[in-house]
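The structure appears below as structure tokens.
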Amino acid sequence: MQLDERKTKILQAIIRNYLETGEPVGSRTISKYTDLNLSSATIRNEMADLEELGYIVQPHTSAGRIPSDKGYRFYVDTMMEEKEREVVEMKEMLLQRQDKMEVLLKQVAKMLAQNTNYATMISAPQTHHNKVKFIQLSRVDSHQILAVIVVEGNVIKNNILPITQELSDETLLKLNILLNTHLNGLSIQEINLGMIAAMKQQAGIHSDIVSEVIDAVAEAIKADEDLRIYTSGTNNIFRYPELADQQKASELISTFEEKQVLSELVQERLADESSTGIQVYIGNETPVSSMKDCSVVTATYELEEGMRGTIGIIGPKRMDYDKVIGTLKAMQSQLDELYKGK
């Protein structure tokens with residue numbers, strides 16, 4: 001029999017309350033935990049129906065009810081469907097946002113190159129100090145569980161964790177509640193040893209799972225996707241005789257094509273989280289050896305949820321600094337608006 005919305009909400013409230021307290025749950029308690037605004041008498045009738053259908057049972061002579069295996073199964077399946085739907089929606093949203101971002105950044109790099117007649121680069125934004133949004137543990141088989149970790153920016157990481165013995169639905173639910181209650185909204189810096197010890201103690205014989213999930217959370221938070229850098233205007237280098245020497249031009253073009261060195265420059269800029277200003281490197285000040293005859297002007301831009309990236313303009317030492325700095329400052333303020341309007 002398909003449960004209607006009212007019965008479903010009451011059953012979920014009974015199970016959540018029982019998982020938290022370990023005590024049989026009465027109608028008066030449920031009336032405080034649901035948004036149905038039902039009387040205790042109405043809830044008692046619904047609980048009687050749920051008991052008749054086999055979703056809850058009455059232990060001993062207690063007035064309260066506890067979930068049956070059938071009730072746990074319904075709760076787990078419903079929760080899994082909801083979480084899987086959330087994950088799918090997040091993945092779709094993330095893909096759409098990545099496509100949108102890639103188009104925008106390529107346009108920005110091209111526009112900057114056309115406006116300045118110099119070579120340009122822009123890195124895709126990365127989210128630093130991510131916080132946990134939620135964790136979902138589910139069974140793969142008797143020897144493995146899947147940990148889905150969603151962090152700020154809707155970055156999703158899947159981890160398969162080995163287990164020594166199969167976990168019951170109730171144990172999985174308790175571990176999910178334990179992990180999400182303690183970790184949601186925290187960055188890795190805020191997850192301290194005392195908190196971990198308390199969680200492991202509550203997990204009892206499953207403390208090793210808590211340790212592995214926390215390791216997976218740390219990995220998810222620090223493991224940004226490979227840094228993507230978009231460039232444009234490389235051929236503008238040949239406009240300037242001091243850079244058009246075959247060897248110099250070849251080294252510069254190689255730097256732009258391989259992008260590894262540019263990535264290191266970007267990471268250096270993003271490492272200084274307090275800086276969102278303009279940085280000017282002249283000649284040997286530039287941390288990129290192939291650009292020692294150039295000037296490099298960079299700016300850090302920031303979008304929503306702490307997403308930060310770097311814009312750079314590379315040209316001869318005699319570049320029009322006033323125009324370049326003005327252009328970068330304007331782009332810094334426009335990027336967020338452009339992104340939201342895409």
Complete set of residues in the range 64-109 that are in a helix (DSSP H, G or I), at pLDDT 70 or above and crowded, with 16+ Cβ neighbours inside 10 Å
GLY71, TYR72, PHE74, TYR75, VAL76, MET79, MET101, LEU104, LEU105, VAL108, ALA109
Grab the helices (runs of 4 or more DSSP H) fully contained in the range 166-258, keeping just those with 2 or more residues being in the same structural domain as VAL150 (by TED's automatic domain parsing).
169-183, 193-203, 207-222
If we scan the range 143-164, do we find a residue that is of a type outside the set (A, V, I, L, M), at pLDDT 85 or above, in a helix (DSSP H, G or I) and touching a Pro at 6+ places or on another chain (Cβ under 9 Å)?
no
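The values are calculated or read from the model by the stated rules, or taken from the named source; none is laboratory data. The model shown is predicted, which means the values in this text are computed figures rather than measured ones. Every residue, glycine among them, receives a Cβ derived from its backbone with ideal geometry; neighbour counts consider all protein chains shown.
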